[in-house]
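The values are calculated or read from the model by the stated rules, or taken from the named source; none is laboratory data. Here the structure is a predicted model, which means the values were calculated and not measured. So basically every Cβ, Gly included, is an ideal-geometry build from the backbone, and we count neighbours across all protein chains shown.
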Amino acid sequence: MPIALFWFLAAVSVISALGVVLQRNPIHCLLALIVTLLAIAVMFIGEDAVVVGFLQAIVYGGAIMVLFLFVIWLLNLGVEVGPSGHLALKLFGTIAVAAMTAELMAFVLPPHLQVKFAGHAAGYGSIDSLSQTLFSEYLVAFEVTSVLLLVAVVGAVALARRSSAAEIEQHAADTARKAQRVS
C-alpha cells in the first residue's frame, strides 16, 4: 500500500470517527460510522487481507449498519435543535482534510518515523486462516457478540413497544375524560 494512501485512509477514518461522536443528527452519525468502517476495510484490502476487508465492508458496513438504522427508526430519534447539517459539505471537507494530512505526513515525516509495512506469511487473511482463528481461539467472543447484538435488538423493540403502550393508555384516559365531560 502506498504511504500516501495509508495516511489518506487513516485521516478519513479518524475524521469520520470524530464525526460519529460530534454529529447531532443520529442518521449523520451512522453515515460517518459507515465511512469509518469502509476506510478500515480498504486498509485491510491494501494490506492483502482481502477476505477480512470484504467481511469488514459486508458485515459491519452493511448488515450491522442496517441494524443500527432500523433501531434509530424504531426508537424514532429526532434531530436535536442546532446548526443545520450540510452533509455534502462535511463529506467534501473530510476528504480535503484527509488528502492534505496524507500529503503532509508522506512528505514531512523523517524516514525513520514513516510507516513500514511488514511482509505477511502465506495465507494471511485467507478464509481458511480466518475461520481457523475465529472458530477456535475466538469462538466464545464470537458467540457472546452475537448474543449481545440479539439482546440489543430485543431491548430496542421492548423500549419502543413500552412507549407505544404508554401512549395507548394515555389516549384511553383522555377518551374517558372526554366521555365524562360530554355526559
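Residue by residue through the range 20-49, note down the ones that are in contact with a Ser or Thr (Cβ under 7 Å, 6 or more places away or on another chain) and small (Gly, Ala, Ser).
The answer is Ala32, Ala39.
Take the range 145-179 and flag every residue that is at pLDDT 80 or above and loosely packed, with under 11 Cβ neighbours inside 10 Å.
Ser146, Val147, Leu148, Leu150, Val151, Val154, Ala173, Asp174, Thr175, Ala176, Arg177, Lys178
May I ask you to verify whether His86 is modelled with pLDDT under 80, outside the structural domain of Val151 (by TED's automatic domain parsing) and not aliphatic (A, V, I, L, M)?
Yes, satisfied.
When the residues of the range 41-56 are filtered to those that are assigned to a helix (DSSP H, G or I) and among the aliphatic types (A, V, I, L, M), which remaining residue is surrounded by the fewest Cβ atoms within 10 Å (Cβ to Cβ)?
Val50
Among the listed residues Val59, Val71, Val20, Val35, which satisfies the condition of being under 29 Å from Ala160 (Cα atoms), without any contact (Cβ under 8 Å) to a residue 12 or more places away in the chain and in a helix (DSSP H, G or I)?
Val59
Return the residues of the range 90-133 that are farther than 23 Å from Trp7 by Cβ and at pLDDT 75 or above; say none if nothing qualifies.
The answer is Ile127, Asp128, Ser129, Leu130, Ser131, Gln132, Thr133.
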